[in-house]
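The values are calculated or read from the model by the stated rules, or taken from the named source; none is laboratory data. It should be emphasised that the depicted structure is a prediction, and the values quoted were computed from it without experimental measurement. As a convention, Cβ positions derive from the backbone with ideal geometry for all residues, glycine included, and neighbour counts pool all protein chains shown.
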Amino acid sequence: MSATRRGLVWAGGLAAAAAAVAVIAWTPAAAPDVAAASTGPVVTPPSGTARPAPVARSRSATRVIAAAGDIACDPGSGSFGGGRGATDACHMRATARLVLDLDPAVVLTLGDNQYENGTLAKFRRSYEQSWGRLRSRTRPAPGNHDYRTAGAAGYFDYFGAAAGPRSTGFYSFDVGAWHLIALNSECAHIGGCGKGSLQERWLRADLAAHPARCALAYWHAGDGTCH
């Protein structure tokens, strides 16, 4: 790898129930289990196109991560249909199948994981019945709908340690040569996101402690649109 790679992924503005899935492919470096480069995001609609062929999981294959936000419909929605969804809404089963076919190494969620208010009961009835099959490889980020339950309690209860500290919701981890950073754009719930905030200071320290040439940060709402 000859240059630093940096990536940013956020989900602000997506329609409910995973309107799009971003697919990021990594080409292996000389060491077959180390990622070398990102092709950038390719947005694939959940319906109306052929599903991609499954990705073979081998040490020499391209490493793949998938990312999506605004994922699971409220069970009380008129479009929920017992989890089957409707023609124009609640496509959580379709998008889950799409991601399963990709067989990614890691799944990133970009907030608003469970509509309308992210209670644990709704996570279990809606999200778990579709995207729950990907839970063991999921590294989530929270959104404003997750915080419509006080402290995003349902979100943190459902994802557990994978969601990071309950008081902050931001964390980082490594996949191969890449350093991935889950940020929390729900600034009002974590003491702010601006210069000097806990999250900003943590991010600076985290980047200094992990000087990877390849890094990807992801969160729910884009710059200037924090809820």
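Numerical summary
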{"item": "Answer residue from the stretch 146-158, given it is among the hydroxyl-bearing types (Ser, Thr, Tyr) and outside any loop (DSSP other than H, G, I, E, B) and is surrounded by the most Cβ atoms within 10 Å (Cβ to Cβ) among those", "result": "Tyr155"}
{"item": "Flag for Asp174 being of a type in the set (Asp, Glu), assigned to a helix (DSSP H, G or I) and either at negative phi or at pLDDT below 95 (or both)", "result": "no"}
{"item": "Number of positions in the stretch 94-108 that are in contact with a Pro (Cβ under 9 Å, 6 or more places away or on another chain) and assigned to a loop (DSSP other than H, G, I, E, B)", "result": "1"}
{"item": "Index of the failed condition, Arg97 passing every other in (1) under 15 Å from Ala162 (Cβ atoms); (2) among the charged types (D, E, K, R); (3) surrounded by fewer than 21 Cβ atoms within 10 Å (Cβ to Cβ)", "result": "(1)"}
{"item": "Test result for Asp206, among the acidic types (Asp, Glu) and loosely packed, with under 15 Cβ neighbours inside 10 Å", "result": "no"}
{"item": "Members of the stretch 159-171 that are part of a helix (DSSP H, G or I) and either of a type in the set (Lys, Arg) or surrounded by fewer than 24 Cβ atoms within 10 Å (Cβ to Cβ) (or both)", "result": "Phe159, Gly160, Ala161, Ala162"}
{"item": "Check on Gly143, in contact with a Pro (Cβ under 6 Å, 6 or more places away or on another chain), under 17 Å from Tyr218 (Cα atoms) and outside any helix (DSSP H, G or I)", "result": "no"}
{"item": "Ser77 more than 27 Å from Ala215 (Cβ to Cβ), of a type in the set (S, T, N, Q) and not in a helix (DSSP H, G or I)", "result": "yes"}
{"item": "Contacts under 6 angstrom Cβ, first residue in the stretch 137-149 being among the aliphatic types (A, V, I, L, M), partner outside any loop (DSSP other than H, G, I, E, B), 6 or more apart", "result": "Ala141/Leu110; Ala141/Ala182; Ala141/Tyr218; Ala141/Trp219"}
{"item": "Filtered residue count, the stretch 114-131, keeping only those that are surrounded by fewer than 20 Cβ atoms within 10 Å (Cβ to Cβ) and either within 13 Å of His189 (Cβ to Cβ) or under 13 Å from the mean Cα position of the chain (by Cα) (or both)", "result": "0"}
{"item": "Residue within the stretch 176-194 that is without any contact (Cβ under 8 Å) to a residue 40 or more places away in the chain and under 22 Å from Gly76 (Cβ atoms) present", "result": "no"}
{"item": "The stretch 184-221, subset at pLDDT 95 or above and among the basic types (Lys, Arg), residue farthest from Ala163 (Cα to Cα)", "result": "Lys195"}
{"item": "Residue count for the stretch 109-140, restricted to those that are hydroxyl-bearing (Ser, Thr, Tyr), more than 22 Å from Gly151 (Cβ to Cβ) and part of a loop (DSSP other than H, G, I, E, B)", "result": "1"}
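Residues checked against (1) closer than 30 Å to Ala177 by Cβ; (2) in contact with a Leu (Cβ under 7 Å, 6 or more places away or on another chain); (3) not hydrophobic (A, V, I, L, M, F, W, C):
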position	(1), (2), (3)
Ile71	yes, no, no
Ala94	no, no, no
Leu98	yes, no, no
Ala105	yes, no, no
Leu108	yes, no, no
Thr119	no, no, yes
Ala150	no, no, no
Ala161	yes, no, no
